[in-house]
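Scroll down for the structure; my scribbles are underneath it.
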């Protein structure tokens, strides 16, 4: 992979199961849960979305528009040239609603609204419509690499269009029936599900959650930029994470020791967290290991929240105790590596730098 | 946006209502034989009422053709995709050490299994192995495993422009130097979800769709899968056979007008076509044939026609064009890929395929599609795909000898 130009982040906003929309919030207090699945800690959407429009919007659309607008405000912009979105499962609730209506009333006239709003590109489309943005508009739906695919496209797009500014992000919502399905498929934690999720002596399963995080980015640095994304890579399947991460570091001209903090996707699933343990031992002994899924739960695009956290680490120059899993406070935080996978597949790497 | 790297099309595969592979699709196009008929495969009360473009093979027959055991969880979209991908990569060694990516598009994903087993999953264990197939990305992962692609694998879902966007992304990834080869395309099977969804939107014709006709009154839905192998031109040149065509331009824009309807002046469509021409560095007049989106809904064809008039200035200046949706039905996420295959066939055989069922031009536009098969010098073909959410894409394919 050739080195590509970094993209600079000028605004970021996220909704999650923690109060991440509250001003200045940085994981110094943690909402605790003892359930599975956990809906997002909703902000007052009316602050940014007119009530009439809000009523018609499903959860993905409202979370995406709210965080996109917040990110734009932070970047001091009202519109962008392109919108690039990831969503592993799209607008689940409307999909469920439409399936349920056709199972009872197929052949009769059904309400088309849940069908229209079930399409995976509806969040990106709603942002384009709200911003009157005629530019490039893309939606990636590749399970736990949906957001990473959006990041990669953003980097390629800003290489092609060096004067443009874009919104990129990830959004996923919970569905009631779908959560039951995931439970039956054995994905979810049954035994004492909790947030924060205990990572020591963990049990099988994930905590299902939802959220949205959006960013404003351009190819140009500004004094107020929060940081930059210098590289991203995805790998669908590998049983050698060490080789994957080593190659990524090498391609970016870095030694493992040059990483000040490593964000890893520990989610308390005893079947897969060993992948992070092995990597930490192989490459990052003694480094500051930072977690985020144990506080935010698991969903396909939760890595977007990991990027937002990484940018805050650069800004605050400290790792909140609730996020730090091992190692000490670094002397400085200039470079953060994010490594995630889900159920052993869809490995993603994102390098965030000052 | 510029494409300094030439993108060759080294392979293609397709399955639709008019054929189980590319040669049989071509035979149908050549003999103007459509594939629209009553529903045979899908279990729905719409059977006997609705005309669709269905692939005339059951899931069991598809599994059998692929040599996959029926106990394994594959949904219909993935089965169709596997057949098309196998054909597309028949002459390509995916594991030759070059960086190969897979970019697949779908809107249905595994919804056909989810809708079938929605209550069954809760009650019995017998079909629970299908639960995992629901996400759009799952089928792509199955394709990746069959192909042996392990690194860059992704899935796009932008409604009816999905496959065109997968093809465009493949070209951009190669241009950016991140891949040498990309297997790109899309798949969507018919499902009760989509059949009932479009029914709720009252978007169906009561007979056979008639794109660009004054009296058009809606679309036929279809199912298909089609994939292309895109390569850096130097890589394709190393092979004994010349490339099938070049992908010389691509464009994508959002109409930003309405959730489902297109703006009357076709802003998104206009911008997408304009960009595709810019990327290719071609004048609009260099295009010999336009494979239009042409769904035969009153709204799409008017918007697309207006966008064509904006690009070309007058009805007389619009090159020969046709929509092949009357052959295959509207195949949603696969449309951009199946029509890319048809565009390449037009380049290979120097023929323009018929816009079936046409009688009277749209009065407000005055543009007349090509209504019969015709031989023509075809150098560059523009292929349009537009979707819900305002996602509009245009691809420009060029003759391998250009």
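Please pull out the direction-averaged projected area of chain B, using the convex hull of its alpha-carbon atoms, in nm² to one decimal place.
17.9
Hey, how many Å between the Cα centroid of segment B:325-387 and the Cα centroid of segment B:293-315? Their Cα centres are 13 Å away from one another. The mean sequence separation of alpha-carbon pairs under 8 Å and at least six residues apart, normalised by the residue count of chain A, gives a relative contact order of 25 percent.
Each semi-axis of the equivalent ellipsoid for chain A is √(5λ) with λ an eigenvalue of the Cα gyration tensor; in descending order they amount to 30, 25, 18 Å. Over the C-alpha atoms of segment A:254-321, the Rg to Rh ratio, Rh being the Kirkwood estimate, stands at 0.96.
Fewest Cβ neighbours within 10 Å first, please rank B:205, A:78, A:119 accordingly. Kindly include the intermediate steps, with their values, before the conclusion.
Working: B:205 20, A:78 10, A:119 28.
With the fewest neighbours first, B:205, A:78, A:119 line up as A:78, B:205, A:119.
Shielding value for A:148-155 is 3, the average number of Cβ atoms from other chains within 10 Å of each residue's Cβ. Ordering B:16-26, B:256-266, A:303-313 by mean Cβ neighbour count within 10 Å, with the highest value first, yields A:303-313, B:16-26, B:256-266. Relative contact order of segment B:7-399, taken over Cα pairs closer than 8 Å and 6 or more residues apart, is 23 percent. Averaging the Cα positions of each part gives two centres, and for segment B:212-276 and segment B:71-128 these lie 23 Å apart.
Ranking request for peptides A:212-219, A:233-240, A:96-103: highest mean number of other beta-carbon atoms within 10 Å first, then the rest in descending order.
A:212-219, A:96-103, A:233-240
Inter-chain Cβ neighbour count for B:187-196, averaged per residue, equals 3 (cutoff 10 Å, partner chain atoms only). The relative contact order of segment B:268-402, computed from alpha carbon pairs under 8 Å that lie at least 6 residues apart in sequence, is 33 percent.
Overall, the ratio between the Cα radius of gyration of the protein assembly as shown and 2.2 N^0.38 Å, rounded to two decimals, is 0.90. Each of B:239, B:116 was scored by other Cβ atoms within 10 Å of its Cβ. Arranged with the fewest first, they read B:239, B:116.
Remark: B:174, A:116, B:338 ranked as A:116, B:174, B:338, counting other beta-carbon atoms within 10 Å and listing the fewest first. Shielding value for B:134-147 is 4, the average number of Cβ atoms from other chains within 10 Å of each residue's Cβ.
Where a number appears in this text, it was derived from the coordinates with a stated rule and is not lab data. None of these values were measured; they are calculated from a predicted model. No Cβ is skipped: glycine too gets one built from the backbone with ideal geometry, and neighbour counts run over all protein chains shown.
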